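Notes follow the structure.
The values are calculated or read from the model by the stated rules, or taken from the named source; none is laboratory data. Predicted model, so just to flag it, every value in this text is computed and none were measured. Note that each Cβ is placed from the backbone with ideal geometry, even for glycine, and that neighbours are counted across all protein chains shown. These accessible areas exclude ligands, DNA and RNA; they are computed on the full protein's heavy atoms, side chains included. Shrake-Rupley method; radii C 1.70, N 1.55, O 1.52, S 1.80 Å.
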Amino acid sequence: MFDNTAFNVVLGLVFVYLLYSLLVTILSELVASALGIRQRLLRVAIERMLIDGYFNEKVVEKQHWFSLKLLERMALFLLHERKAVRHSFSGRFYNYPSIKYLSEHESDNRSLFSQSKPAYISADTFAGTIISMLAEKGMGEGIMKRVRYCLRYNNMHIEYETLKQIRNILDNSDGLEDFTAGLKMWFNETMDRANGWYKSRLRWVLFLIGFGLAVAFRVDTIQIARSLTKDKDARGQLVN
């Protein structure tokens, strides 16, 4: 079977493209890490939860997508953090000590592409941080009473949709343990969607890098097949 020229050519092509795909995968992970895509998407997911994507939606509402300025469109595509977000409920969440010290870089020490946001937050950390933030702005004896007070008078100035969601979780909870479990479930459901967003972005990175390498190295399937068909020694080395 290994003396069959057609089979050996196909085997050689498979080997060549496996090598290129491995190289593309490694480079895409390096690019994704350098650009902080995972951190950016996590931040966007948290913003979607805690401020209902308020600031990004307002920018898009002002004018049609195609009429947005080039830099504005690039900022949206690259998931750039808006300054106004830093003073929102989401911004205060990221500045809270339990979240702030999870990041690799401090805000003042980050480079052009590095992120001052963590790439991963556990459901326990998310729920614990939200409860602590609410309790600090509430009044009463016990954590739950302080949380209820804070949500009742919205002392954290939370966006309406987010406030409604947290109130619903609280109303359906029987004590602190249930409330914590509800927040964790909400977080995990959002992270499932965020994983899908990350895979979608990574596919674009893979495509662009793969296309660039194919052009740069002239990866021509027809030419490679012809070369392997004519060159018995090269074909034999690849098969071996």
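With a 1.4 Å probe and every protein chain left in place, tell me how much accessible area GLU159 has, in Å² to the nearest 10.
It works out to around 60 Å².
Quick one: which of LYS100/LYS184; LYS117/LYS145; LYS199/LYS232; LYS137/LYS199; LYS100/LYS164; LYS83/LYS137 span more than 29 angstrom between C-alpha atoms?
LYS117/LYS145; LYS199/LYS232; LYS137/LYS199
Any idea of LEU22's accessible area? Nearest 10 Å², probe 1.4 Å.
Approximately 100 Å² for this residue.
With all protein chains present and a 1.4 Å probe, how do TRP197, TRP204 order by accessible area, largest first?
Correct descending sequence by accessible area is TRP204, TRP197.
With a point put 7 Å past each Cα toward its Cβ, work out how far TYR120 is from ARG152 in nm, to one decimal.
Result for the modelled spin labels: 4.0 nm.
Just by accessible area at a 1.4 angstrom probe, what is the order of LYS230, LYS137 from largest to smallest?
LYS230, LYS137
Can you give the local net charge around VAL16? Use residues other than it whose beta-carbon is closer than 15 angstrom to its beta-carbon, Lys and Arg +1, Asp and Glu -1.
Here the charged neighbours net out to +1.
Quick check: at a probe of 1.4 Å, how many percent of the accessible area of segment 144-204 sits on carbon and sulfur atoms?
Solvent-exposed carbon and sulfur of segment 144-204 make up 46 percent of the total.
How far apart, in nm, are the 7 Å Cα→Cβ label points at GLU141 and TYR17?
It is 7.2 nm.
Any idea of the accessible area per residue across segment 109-196, 1.4 Å probe, to the nearest Å²?
So segment 109-196 comes to 57 Å² accessible per residue, rounded to a whole number.
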